[in-house]
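The values are calculated or read from the model by the stated rules, or taken from the named source; none is laboratory data. Computed from a predicted model, the values in this text were never measured in an experiment. Note: ideal-geometry Cβ built from the backbone for every residue, glycine included; neighbour counts use all protein chains shown.
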Amino acid sequence: MDKICPSCAKNPDNHSFKKISDKGNVALYYTKPSSALLYDDTDGILSHIDNMLTLQKGKWSVLFDGKGFDMKHATEIRTGAGLVQLLLTKYGALLQEFKIINPTWHITGIIKLAAVALPPDMFAKIKVLEDRKYSVLEFL
């Protein structure tokens, strides 16, 4: 039985982390933090992601859409640190790629911090597409 995020059961726009496809035995998850109504709900966001990835039995990737990501999102340091912990302790082994589209300068700064915080093999999975504006539809 699927685990349901209690917050997103009330409003699916509260958090932003959704499975959008399965291609070639790799599940693709999409997140756009600037669209999350409760972008500052650290415990809820981490629980939401943890619950979803617990159901993931195989390889997975993330498409992170940075459009609209600004200072209020960048200052949610506990959320970022929690995501790193989930990757390092539970879900990183099956992560294929963490693709970032439409990055803002805030995201670029966070990526520089991630280079120090993540092991090199994990950091190598981060791909930033900054040559143009992208749509999520291009990755389905």
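Which residue out of Asp22, Asp70, Asp65 is over 23 Å from Glu130 (Cβ atoms) and either without any contact (Cβ under 8 Å) to a residue 12 or more places away in the chain or touching a helix residue (DSSP H, G or I) at 6+ places or on another chain (Cβ under 7 Å) (or both)? Break it down stepwise before answering.
Details: Asp70 fails: over 23 Å from Glu130 (Cβ atoms); Asp65 fails: over 23 Å from Glu130 (Cβ atoms).
Result: Asp22 is the single residue among Asp22, Asp70, Asp65 that is over 23 Å from Glu130 (Cβ atoms) and either without any contact (Cβ under 8 Å) to a residue 12 or more places away in the chain or touching a helix residue (DSSP H, G or I) at 6+ places or on another chain (Cβ under 7 Å) (or both).
Restricting the search to region 1-57, which residues are among the basic types (Lys, Arg) and either in a helix (DSSP H, G or I) or under 23 Å from Glu138 (Cα atoms) (or both)? Before you say what the answer is, go through the steps one by one.
Pass one, region 1-57, residues among the basic types (Lys, Arg): 3, 10, 18-19, 23, 32, 57.
Those that are among the basic types (Lys, Arg) and either in a helix (DSSP H, G or I) or under 23 Å from Glu138 (Cα atoms) (or both): Lys10, Lys18, Lys19, Lys23, Lys32.
Would you pick out the residues in region 87-111 that are more than 11 Å from the chain's Cα centre (by Cα) and more than 13 Å from Lys127 (Cα to Cα)?
Leu88, Thr89, Lys90, Tyr91, Gly92, Ala93, Leu94, Thr104, Trp105, His106, Gly109, Ile110
Condition first: under 20 Å from Ser16 (Cα atoms), among the hydroxyl-bearing types (Ser, Thr, Tyr) and at pLDDT below 95. Can you find one or more residues in region 88-99 that meet it?
Checked region 88-99: no residue is under 20 Å from Ser16 (Cα atoms), among the hydroxyl-bearing types (Ser, Thr, Tyr) and at pLDDT below 95.
Taking the condition of being buried (at least 17 other Cβ atoms within 10 Å of the Cβ) and assigned to a helix (DSSP H, G or I), how many residues in region 58-78 meet it?
1
List every residue pair whose Cβ atoms lie under 7 Å apart, where the two residues are 6 or more positions apart in sequence or sit on different chains, the first residue falls within region 95-110 and is touching a residue at least 12 places away in the same chain (Cβ under 8 Å), and the second residue, located anywhere, is among the acidic types (Asp, Glu) and surrounded by 18 or more Cβ atoms within 10 Å (Cβ to Cβ).
Ile101/Asp65; Asn102/Asp65
Output yes when any residue across region 28-38 is in contact with a strand residue (DSSP E or B) (Cβ under 6 Å, 6 or more places away or on another chain) and of a type in the set (Gly, Ala, Ser), and no when none is. Before you say what the answer is, go through the steps one by one.
Step one: filter region 28-38 for residues in contact with a strand residue (DSSP E or B) (Cβ under 6 Å, 6 or more places away or on another chain), giving 28-32.
Cutting the leftovers down to of a type in the set (Gly, Ala, Ser) gives us none.
Looking through region 28-38, none of the residues is in contact with a strand residue (DSSP E or B) (Cβ under 6 Å, 6 or more places away or on another chain) and of a type in the set (Gly, Ala, Ser).
Any residue at all in region 128-137 that's modelled with pLDDT of 95 or more and either touching a helix residue (DSSP H, G or I) at 6+ places or on another chain (Cβ under 7 Å) or not in a loop (DSSP other than H, G, I, E, B) (or both)?
Keep residues of region 128-137 that are modelled with pLDDT of 95 or more, which gives 128-129.
From what is left, the residues that are either touching a helix residue (DSSP H, G or I) at 6+ places or on another chain (Cβ under 7 Å) or not in a loop (DSSP other than H, G, I, E, B) (or both) are 128-129.
Within region 128-137, one or more residues are modelled with pLDDT of 95 or more and either touching a helix residue (DSSP H, G or I) at 6+ places or on another chain (Cβ under 7 Å) or not in a loop (DSSP other than H, G, I, E, B) (or both).
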